[in-house]
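First up is the structure itself, then whatever we jot down about it.
The values are calculated or read from the model by the stated rules, or taken from the named source; none is laboratory data. None of these values were measured; they are calculated from a predicted model. Cβ coordinates were reconstructed from backbone atoms using ideal geometry, including for glycine residues, and neighbour counts include every protein chain displayed.
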Amino acid sequence: MKATHIHLIWGTLLISWIVYLGVLLAEPVKSESLLNQTEQQGKQLWQKHNCQSCHQLFGLGGYLGPDLTSIQNKIPNLDAFQILVNTGNQTMPAYNLTPQEADALYQFLLAQNRPGPITPLNHKADLNGWISKK
Ligand code: HEC
């Protein structure tokens, strides 16, 4: 194969890649949160207090404390949750959460185990790989 052919192939590949990248980056990233406002506040508290350093969600996080993905199976109501988190234990510090904060955090954790609303019936895969509403 001649050197010019190789240059042509590489040139075509490079130009295709640049065009593809341009199309990909021109599309704004959509971030529809599936969390409501209270749950989002809970998420911020989860991050602020670094609960993830000891607890996992979906198996990701620290391993000092238990996985909290399906918390409602173990802690059935907000009162129990609030007492637990505000009392702490030998390993976990006691957090001074207000009832409103405890509620937000509990709602955030409950939301983790909620079935996702995305079904192939009302969503489609875009050319760039994003999933969007029909
Ligand atoms: C320093 C580590 C650490 C941090 C940080 C931490 N926890 Fe814990 N947590 C633990 C440990 C360890 C346990 C288990 C104690 C036991 O079973 O005796 C626990 C237990 C719990 C439980 C009870 C779970 C169950 O299955 O009984 C809840 C709920 C909980 N933590 C929530 C939180 C929240 C919310 C935060 C952040 C605000 C947090 N934890 C931060 C260590 C931690």
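In region 105-134, of all residues being within 19 Å of the chain's Cα centre (by Cα) and among the hydrophobic types (A, V, I, L, M, F, W, C), the one that is surrounded by the fewest Cβ atoms within 10 Å (Cβ to Cβ) corresponds to I131.
The residue pairs whose first member lies in region 1-21 and is assigned by TED's automatic domain parsing to the domain that holds N128, whose second member is loosely packed, with under 10 Cβ neighbours inside 10 Å, and whose beta carbons are closer than 9 Å, counting only pairs six or more residues apart or on different chains, are I9/M1.
The condition of being aliphatic (A, V, I, L, M), assigned to a loop (DSSP other than H, G, I, E, B) and surrounded by 11 or more Cβ atoms within 10 Å (Cβ to Cβ) holds for only one of A102, A94, that being A94. Per the listing P93, P66, P76, the residue uniquely at negative phi and away from the ligand (no atom under 11 Å from the Cβ) is P76. Of all residues in region 116-133, those that are more than 22 Å from V19 (Cα to Cα) have Cβ atoms under 6 Å from Cβ atoms of residues that are of a type in the set (V, I, T) and surrounded by 11 or more Cβ atoms within 10 Å (Cβ to Cβ), 6 or more apart or on another chain, in H123/I131. Scanning region 62-99 for residues that are closer than 18 Å to Q47 by Cβ and either among the β-branched types (V, I, T) or touching a residue at least 60 places away in the same chain (Cβ under 8 Å) (or both) returns T69, I71, V85, T98. Please indicate, with yes or no, whether at least one residue in region 72-87 is over 21 Å from G116 (Cα atoms), assigned by TED's automatic domain parsing to the domain that holds G129, among the charged types (D, E, K, R) and not in a helix (DSSP H, G or I). No, the conditions are met nowhere in region 72-87.
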